[in-house]
1. So which of THR286, THR330, THR301 ends up being of a type in the set (Ser, Thr, Tyr) and more than 15 Å from the chain's Cα centre (by Cα)?
2. I'm checking my understanding of the structure. Among residues of region 291-328 that are assigned to a strand (DSSP E or B) and among the polar types (S, T, N, Q), which one is farthest from PRO91 (Cα to Cα)?
3. Given the conditions (1) touching a strand residue (DSSP E or B) at 6+ places or on another chain (Cβ under 7 Å); (2) surrounded by 15 or more Cβ atoms within 10 Å (Cβ to Cβ); (3) among the basic types (Lys, Arg), and given that ARG126 satisfies all but one, which numbered condition is not satisfied?
4. Select from region 72-123 the residues that are acidic (Asp, Glu) and closer than 19 Å to CYS337 by Cβ and write down the one among them that is surrounded by the most Cβ atoms within 10 Å (Cβ to Cβ).
5. Taking SER44, is it under 27 Å from HIS285 (Cβ atoms), at pLDDT 95 or above and polar (S, T, N, Q)?
6. I'm checking my understanding of the structure. Among residues of region 68-99 that are of a type outside the set (A, V, I, L, M), at pLDDT below 95 and more than 15 Å from PRO329 (Cβ to Cβ), which one is nearest to the chain's Cα centre (by Cα)?
7. Name the single residue, out of those in region 134-146 being buried (at least 16 other Cβ atoms within 10 Å of the Cβ) and part of a loop (DSSP other than H, G, I, E, B), that is modelled with the lowest pLDDT.
Amino acid sequence: MTRLGLLSFLSASAVTLALVVRPAHPTVPNAKPAPKTAKAAVASPKTALTPPTLAAKSASANPLVTEIAITAPWGSGKGELGHEVPSEAMPEAPMSLAVDGAGNVWVLDQVNTRVVIFDGNGTVLRTVPIANRIAQDLAPIAGGVAILDRLVDKAIVFLDDTGHETHRVALAGPGVDEPSGVTGLFVYQDPADPLAGTWVEYEHRGLVRVALPDRTPDAARLRLDGRRVPNSTRLLRAARDPAGFALVSALGPNGFLARVPTPQPILQLEGLFGDRKGRTWVAAHTYEESAKHALVDQRVTVVALDPTGAEIGRADLPPPEVAGDQLVPTTVGADDCFYQLHVGKTGATIWRVR
């Protein structure tokens with residue numbers, strides 16, 4: 001199973017720009033991963049954690065601030081995260097992350113069947129046990145966590161702080177023909193929000209509300225044609241042109257269509273998010289191709305746009321150093337910062353961009 005993308009499709013006048021699913025550790029364009037099997041996996045050996053580095057490259061006259069928020073070696077102990085290398089399948093790393101209103105970072109460590117909650121300085125606050133290894137996304141909720149399982153249970157499972165299941169809502173239904181097509185989980189908890197509840201993104205096209213604020217099924221299955229922007233009625237979409245730019249659209253009052261250039265061709269869009277300050281964040285995995293058709297000089301370029309679609313600044317983050325199957329490797333937290341969950345040779349690094 002490859003890492004699924006995060007974004008909606010968007011059509012341009014002369015060419016249809018579609019999201020391309022990125023393998024977790026590409027070596028050539030359109031490379032196909034090995035099929036996942038049920039054979040026993042072998043855990044990666046523990047070594048000293050070495051944070052990733054990236055060759056300096058001038059990307060913007062207004063560079064954003066980047067910093068390492070958390071480092072976690074591979075392993076199963078406190079402060080460690082799981083990474084496995086099956087004999088005949090894609091290696092597996094933490095599937096996703098989320099950041100709550102207190103700035104705590106929640107990491108779905110499904111290899112170790114748990115959610116690990118770090119504070120903003122990287123100290124482990126607590127863990128929440130989860131029941132299965134197939135969970136692929138999470139969202140912090142009042143008193144616990146919501147877990148996405150789109151492959152086995154095919155449901156959103158709500159857990160309390162002890163890991164006890166309190167509610168369960170099926171994914172299949174109007175707006176979700178096939179649960180494996182779900183590509184993200186979003187929970188809006190503000191009781192004054194008419195769209196509060198639990199939503200899933202389906203096939204990169206838009207959102208479907210599957211549960212009401214009380215965590216019971218939403219019989220109406222409301223739909224939104226894009227990603228929500230916090231504190232706004234705007235909806236976001238994005239698409240990429242491999243030649244070197246992303247198209248980002250904001251639908252709704254004072255919307256925009258922005259052409260975001262990148263200094264290198266785009267292999268894959270890595271993230272599209274709005275924050276509470278009205279900014280739009282877009283991330284693209286860019287690369288150069290060698291004479292032997294290998295991908296070289298890879299990086300993840302993060303760009304912030306103001307409410308009109310004009311660029312505020314950008315920064316470069318490192319691409320994965322080793323293979324590690326993930327669903328949601330980037331997010332924007334309730335602190336309005338961009339986060340990347342990076343898979344390295346000796347452990348995971350969580351980068352923060354502000």
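1. Going through THR286, THR330, THR301 in turn, the sole match is THR286.
2. For region 291-328, the residue satisfying everything is THR301.
3. Of everything listed in (1) touching a strand residue (DSSP E or B) at 6+ places or on another chain (Cβ under 7 Å); (2) surrounded by 15 or more Cβ atoms within 10 Å (Cβ to Cβ); (3) among the basic types (Lys, Arg), ARG126 misses just condition (2).
4. So the residue we want is ASP100.
5. Here the answer is no, as SER44 does not meet what is asked.
6. Restricting to residues being of a type outside the set (A, V, I, L, M), at pLDDT below 95 and more than 15 Å from PRO329 (Cβ to Cβ), the top hit is GLU84.
7. Filtering first and then ranking leaves ILE134.
The values are calculated or read from the model by the stated rules, or taken from the named source; none is laboratory data. The structure displayed is predicted, hence computed values, not measured ones. So basically every Cβ, Gly included, is an ideal-geometry build from the backbone, and we count neighbours across all protein chains shown.
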